[in-house]
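In what follows, a structure is listed as structure tokens, so that the remarks can point back to it.
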Amino acid sequence: MAIQSIRLFGDPVLTTKASPVEVFDKELRTLVSDLTETMKNAPGAGLAAPQIGVALRVFVWDVDDELGHLVNPTLDLSDELQDGEEGCLSFPEIRYETSRSMRVVAKGFNMHGEPVTIEGSDFLARAIQHETDHLDGIVFIDRLSAELRKAAMKEIRESEWFGSATAAGQSPLIKVSPHSTRGLGI
Ligand code: ZN
């Protein structure tokens, strides 16, 4: 297991659609454990493979003390929505109210290639939607209204990290706050 550096917004891997996993081998299991280790170290509540520079459809989460991972996910979203602050390990210190579905049924595979179904609501549903977006090259600021996105871009351009593209071995600083994402980037 190894902690990888987290790619920051501006790195092209974050806006690239990731490829499905085709071989469920030892390399995939190493990827899942690297993602888990890197997420816990940050610390964060979720991390997708593109965030460590691997363009494959895999992500992990750590929500309510439950670790999980999903490979090649497809999502079924509720019409009911939730609002709450959202952040991302690839956007240190940037947090905005982001609308998401309240519930999700995610189908995919575990790292051994066995089919799994994950049902989540509230924060787990938010994390799964956020991470699945990463696999499609979509980042959370893409989900904001035009007005909020403009404000976010201004804050990002003025941030210390913007332009560095990778954290280059150092963990981004994530502020802990008592909001619905529990202060953790995802
Ligand atoms: Zn993210």
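The values are calculated or read from the model by the stated rules, or taken from the named source; none is laboratory data. Since the structure is predicted, the reported quantities are computational estimates derived from the model, not experimental observations. Here the Cβ positions follow ideal geometry from the backbone for every residue, glycine too, while neighbour counts run over all protein chains shown. Only protein heavy atoms, including side chains, enter the accessible area calculation; ligands, DNA and RNA are left aside. Shrake-Rupley method; radii C 1.70, N 1.55, O 1.52, S 1.80 Å.
Quick notes on this structure:
- Remark: the Cα gyration tensor places the stretch 1-74 in the rounded category, a/c being less than 1.5.
- Theoretical gain in end-to-end length, Asp25 to Val105 [0.36 nm per residue, Cα-Cα removed]: 26.2 nm
- Solvent-accessible area, 1.4 Å probe, carbon plus sulfur percent, for the stretch 12-157: 49
- Helix-derived mean residue ellipticity, 222 nm - over the chain, DSSP H n ≥ 4, -39500 (n - 2.57), to 500: -7500 deg cm²/dmol
- Remark on Glu86: its backbone amide H falls under 5 Å from those of Tyr96, Glu97, Thr98, a criterion applied only to residues 5 or more positions apart or on other chains, H modelled at 1.01 Å from N.
- Percent of Cα pairs exceeding the 20 Å cut-off, where the set is the chain: 49
- Accessible surface computed residue by residue for the stretch 15-123, with neighbouring protein chains in place and a 1.4 Å probe, gives 46 Å² per residue.
- Subtracting the Cα-Cα distance of Ala151 and Asn41 from their residue separation scaled by 0.36 nm leaves 36.7 nm.
- Euclidean distance of C-alpha centroids, the stretch 5-25 and the stretch 50-100, integer Å: 14
- Taking the convex hull of Cα positions in the stretch 65-117, its mean projected area over all directions (nm²): 4.9
- Selected from Pro20, Val63, Ala106, residue furthest toward positive end of dipole (the chain; charges at beta carbon): Pro20
- Student exercise, the chain dipole from Lys, Arg, Asp, Glu Cβ charges, in Debye to nearest 20: 420
- Gaussian network model of the chain, Cα within-10 Å springs - most flexible of Gly163, Gly108, Gly53: Gly163
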